[in-house]
Each structure stands twice: as C-alpha cells, then as structure tokens.
Amino acid sequence: MMQEQDYESELSDIKHKLSDIHNDIRSFIESANHQHLDSVVTALKDNYSGTIVRHLMEDVGRGLEKNMVKNCEMRGECKNLLSNVLQNNAGLIKHGSVTEASIEESRLELKKLRTMVPYDKCDICFAEASDILSGQVTLMRSMKIYETNKGKRQDISKLPSQIVVDDILDPLCHQKRFDILKAISGETKSFSALSALTGLRGGNLLFHLQKLADKGMIIQRHERGDYMITAKGFKVMEGVNSIYTELVPSDDH
C-alpha cells in the first residue's frame, strides 16, 4: 500500500513538473517574438538540460531497481557500478554536445563490467543497463546534441553479407517475429500475452521466440519470466523505423 502511495505521489510530482515546463516553454516561445526555431530549441536545451539530467538519473535508479535479478548476492554491488556508468553518461547532456567517443566509452565500460561478473543470469541485468543507455542516446539524438558519421559517406561494400543476413535480416523476415519485437519494444510481455498477440500457441510461438533469442534480439528475464527486447533488438527496430519513415510518404504529405 505504501509503495502504491509513493508511486502515485511520484506520478503527481512528475505531472506538476511537466505542467510547469509546458507553461515555461509556452511563455518562452511567445516572448521569443518568432525567433528562428533553432535558437528557441538551443535556449530550451540550455535552460532544461539540468532538469532532463535529473530525470534521467532518477530513471536509472527506477529501471535498475525494477528489472535487475532480485535474488542475487551481487545485486547491490552491481547496481551501484551500473548506476555510476549510466548516470555519468546522462550527465553528458549538460555539455551541449556529445561525442561518439564519449558514448562508446560508456558502452565499453558496461562490457568491461560484464566480463567481471560470473553468472549467466547477469545478462538480464546488463541487458537492462544497455537498454537504459540506448534510451539516453535516443534522447540525445532527439535533442540534436549527438550525431554520428557527420559528413561521412558510408562504405556499404564493407558490410559482411552473411552476418547481416543471418543475424539481422533473417530474424525480422517473419511477420510474427516482427510483431513480437514491436510489442516488447515498449514493455516486457509474458508468453501468454505474446500468444494472444500473435495467435501462436505452444511450440509454434516458442520457435519464433527462440529464433529471436538465439540472434540476441530478446531475452527472457528468468525461467518462465517475461520477455524483453535487448539493446541490439531495440537498435535494429529503430533502424527499421528510420528506414520506413524515410522511404514511405506519410499521410500528411
């Protein structure tokens, strides 16, 4: 009961903060006298970067607390280590411009930590950390403070054909598997929920789930637990969404 009250209090606090930010943004835009949009966005980023970072750091704590393996003697130690990496990465937003090297440093730090822990179940906790990191990077991209390969022409000829087909394209080529990835991109899903979503039962659904798991697109929290998308799976779906929006005209045009 106390947890529910704390959760409701947290939601109420977030709503008030969002309302205040909305009012401030509206006042700021009205007083900007129709300045160029880039100037407005830049000013807003400067004004609210601290608030955004604080919220991201709170999300780190909530995400790890909720989704890390519960019954593990290393949980507290690992949570502190992962929190430090993710909070440092979130703090990059204050710099106004985030380099690819800075993000890669955070990713490498997570990989290094993973080599230091002994259990297979550690994959669940580190997948959660990777997902949080990916969410932070997505926010940085949307704020236009993190962009990669600026001005570079990509050399498509270097793509490893067999690896791309086997590890990325093949898992996505079946509509049911694609529907599964879409469904768990936003939240975890149980086996029964995915069965209802796809219309697949028993072994048929398990076949497609195993296919996605074998290619590192999804993981299961624990035996008989919910399924969640991995950082790799989320990046692949982001890429597909980006391609789709570029190639398919929207109804607004």
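The values are calculated or read from the model by the stated rules, or taken from the named source; none is laboratory data. Predicted model only: the values in this text are computed from it and were never measured. No Cβ is skipped: glycine too gets one built from the backbone with ideal geometry, and neighbour counts run over all protein chains shown. Each accessible area value is taken on the protein alone, full model and side chains, heavy atoms only, with ligands, DNA and RNA left out. Shrake-Rupley method; radii C 1.70, N 1.55, O 1.52, S 1.80 Å.
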query: Does Ser185 qualify as being touching a strand residue (DSSP E or B) at 6+ places or on another chain (Cβ under 7 Å) and modelled with pLDDT under 90?
result: yes
Filtering the range 178-197 down to residues that are more than 18 Å from Ile132 (Cα to Cα), open to solvent by less than 20 Å² (accessible area, probe 1.4 Å) and aliphatic (A, V, I, L, M) yields Ile180, Leu194
How many residues of the range 204-239 are in contact (Cβ under 8 Å) with a residue 40 or more places away in the chain, open to solvent by less than 50 Å² (accessible area, probe 1.4 Å) and in a helix (DSSP H, G or I)? The answer is 5
Among the residues of the range 64-80, the number that are in contact with a helix residue (DSSP H, G or I) (Cβ under 8 Å, 6 or more places away or on another chain) and farther than 17 Å from Lys121 by Cα is 0
Residue set Asp166, Asp170, Asp120; condition surrounded by fewer than 16 Cβ atoms within 10 Å (Cβ to Cβ), assigned to a loop (DSSP other than H, G, I, E, B) and out of contact with any Cys (no Cβ under 9 Å at 6 or more places or on another chain); output residue Asp120
Tell me yes or no: at least one residue of the range 147-158 is surrounded by 17 or more Cβ atoms within 10 Å (Cβ to Cβ) and either more than 23 Å from the chain's Cα centre (by Cα) or touching a residue at least 40 places away in the same chain (Cβ under 8 Å) (or both). no
### Message
Take Leu200 and tell me if it is outside any helix (DSSP H, G or I), surrounded by 18 or more Cβ atoms within 10 Å (Cβ to Cβ) and modelled with pLDDT of 90 or more.
### Response
yes
Log entry, pairs with first residue in the range 176-189 being farther than 13 Å from Val236 by Cβ, second being outside any helix (DSSP H, G or I) and among the small types (Gly, Ala, Ser), beta carbons closer than 9 Å, six or more apart or on different chains, reads Lys176/Gly199; Thr188/Gly225
The number of residues in the range 102-117 that are in contact (Cβ under 8 Å) with a residue 24 or more places away in the chain and either open to solvent by less than 20 Å² (accessible area, probe 1.4 Å) or within 11 Å of Cys78 (Cβ to Cβ) (or both) is 5
Conditions (1) at pLDDT 85 or above; (2) open to solvent by less than 90 Å² (accessible area, probe 1.4 Å) -> Val41 fails only (1)
Going through the range 88-117 in order, the residues found to be part of a loop (DSSP other than H, G, I, E, B) and farther than 30 Å from His222 by Cβ are Gly96, Ser97, Val98, Thr99
